[in-house]
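Reading through the structure tokens given below for one structure.
The values are calculated or read from the model by the stated rules, or taken from the named source; none is laboratory data. The structure displayed is predicted, hence computed values, not measured ones. Please note: Cβ atoms are built from the backbone with ideal geometry, for glycine as well, and neighbour counts cover all protein chains shown. Note: areas computed on protein heavy atoms with side chains; ligands, DNA, RNA excluded. Shrake-Rupley method; radii C 1.70, N 1.55, O 1.52, S 1.80 Å.
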Amino acid sequence: MSGNGQDSPAARPGREAVTGAVGAIDGGRRRRKAGKGRRGRGEQAMVPEAEFTSYYGKPVLNGPVWKTPDVPAYLFLGGLAGGSSLLAAGYHVLGRERPGLIAKLGALGSVGASVVALVHDLGRPERFVNMLRVVKPTSPMSMGSWLLTVYGPMAGLSAASAVTGLLPRVGTAATACAALTGPGVASYTAALVADTAVPAWHDAHRELPYVFVGSGAVAAGGLGLLALRRGADAAPARNLALFGTALEIGASRLLERRLGMVAEPYRQGRSGALVRAGEALAVAGSAGAVAGRRSRVARALSGVALLAGSALTKWGVFEAGRVSAADPKYTVVPQRERLRRREEEAAEHGAVRR
């Protein structure tokens, strides 16, 4: 995974670890402070502190090398599959066979297409199989591979039982299992991208899973609205889309507020335009689904808007990470701000002791 960073081979940084290698800079400043005499007189700087510009304009981090559109499609389809399994379980509990069948087929088709996109990005199918040789709970890639391995067959059994009418008890169990693992399939990709040193992803590790789950619910609700004919059958899909829109936008606003300047790629440039367009389509699709609940045409248009909105949101998040990795300021400026606050806190503690 390009962009991953660790301070030392012996210790893996926790989820709250900040991006950038701060040890050398911080250690140098501490050594200068330690060299001060009892009177507090240290070595006088002969030149002003250098301004950071980057070496020949090169990025500080090695950015992600994932393919486009393979990985954005993988992020979108995984969310659609997980959300569709939740919707299918809801219809199954309500005893609505036809809309449940559509949701189950949507889940199976989405997870199948997502695996195709993943394998195409990896280059060779055996690379996915090789990831199943170990189980590593601290690795989002390992856990995600096993999630897909469990979820895919369950989604297949659920859909096959619904289509053929055979083994209804097996189909019910598979539907429940797919619904239980579906949120993990929708959200683990957020943990996957956040487990890097890419600032816009790593620093957003708290909110990004909620953004991805909300976006997956938006997509699943959109697929249901687009495929279902009867307005009464579309109510659960509409409610799921409303929930997903609220969750996605709420988590995105929290993300932008907490990240500060690192959240600029989510608001500005091409990546910001993609994210904002996705949010606008999600809101428009949800509003259209509520206002036009009696019109099949309105439901279909709302479904298209919701699906497109979810896809654009995932693409925007992907592009935001690439932008933040390419621009050194998103790594260096927050790093220096953290160092400045650390020095101020140390000075305050020293003054209190005296």
Residue pairs, Cβ under 7 Å, 6 or more apart or interchain, first in the range 274-303 and open to solvent by 20 Å² or more (accessible area, probe 1.4 Å) and at pLDDT 95 or above, second in a helix (DSSP H, G or I) and of a type in the set (Asp, Glu). List them.
LEU274/GLU319
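Per-residue answers, yes or no, for (1) within 30 Å of THR331 (Cβ to Cβ); (2) open to solvent by 30 Å² or more (accessible area, probe 1.4 Å); (3) in a helix (DSSP H, G or I):
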position: ALA174; (1), (2), (3): no, no, yes
position: ALA204; (1), (2), (3): yes, no, no
position: VAL218; (1), (2), (3): no, no, yes
position: LEU226; (1), (2), (3): no, yes, yes
position: ARG230; (1), (2), (3): no, yes, no
position: ALA246; (1), (2), (3): no, yes, yes
For VAL129, the lone unmet condition from (1) open to solvent by less than 60 Å² (accessible area, probe 1.4 Å); (2) over 23 Å from the mean Cα position of the chain (by Cα) is (1)
Please work out if ALA320 is within 22 Å of GLY214 (Cβ to Cβ), surrounded by fewer than 17 Cβ atoms within 10 Å (Cβ to Cβ) and either at pLDDT 90 or above or of a type outside the set (Asp, Glu) (or both).
no
For the range 94-116, check the following and say yes or no: at least one residue is under 27 Å from the mean Cα position of the chain (by Cα), without any contact (Cβ under 8 Å) to a residue 24 or more places away in the chain and farther than 28 Å from THR68 by Cβ.
no
Boolean, MET143 is out of contact with any Phe, Trp or Tyr (no Cβ under 8 Å at 6 or more places or on another chain), under 30 Å from TRP201 (Cβ atoms) and in a helix (DSSP H, G or I)
no
Which numbered condition in (1) within 14 Å of the chain's Cα centre (by Cα); (2) closer than 30 Å to GLY100 by Cβ is the only one that LEU226 fails?
(1)
Could you go through the range 152-168 and let me know if any residue there is among the β-branched types (Val, Ile, Thr), loosely packed, with under 13 Cβ neighbours inside 10 Å and over 20 Å from HIS92 (Cα atoms).
no
Using the structure shown, decide if ARG258 is among the basic types (Lys, Arg) and under 21 Å from GLU337 (Cα atoms).
yes
Suppose we keep only residues that are touching a Phe, Trp or Tyr at 6+ places or on another chain (Cβ under 9 Å) and more than 19 Å from GLY303 (Cβ to Cβ) within the range 63-73. Which one would you say is modelled with the lowest pLDDT?
PRO64
Pairs under 6 Å by beta carbon, first residue free of Cβ contacts under 8 Å to residues at least 40 places away in the same chain and closer than 21 Å to GLY184 by Cβ in the range 210-232, partner buried (at least 21 other Cβ atoms within 10 Å of the Cβ) and of a type outside the set (A, V, I, L, M), six or more apart or different chains?
GLY214/GLY244; GLY214/GLU248
For residues that are of a type in the set (Gly, Ala, Ser) and crowded, with 24+ Cβ neighbours inside 10 Å, scanning just the range 62-99, find the one that is farthest from VAL213 (Cα to Cα).
ALA88
Residues of the range 248-268 satisfying the condition of being open to solvent by 60 Å² or more (accessible area, probe 1.4 Å), in a helix (DSSP H, G or I) and either over 22 Å from GLY79 (Cα atoms) or of a type in the set (Asp, Glu) (or both)
ARG257, ARG258, ARG267
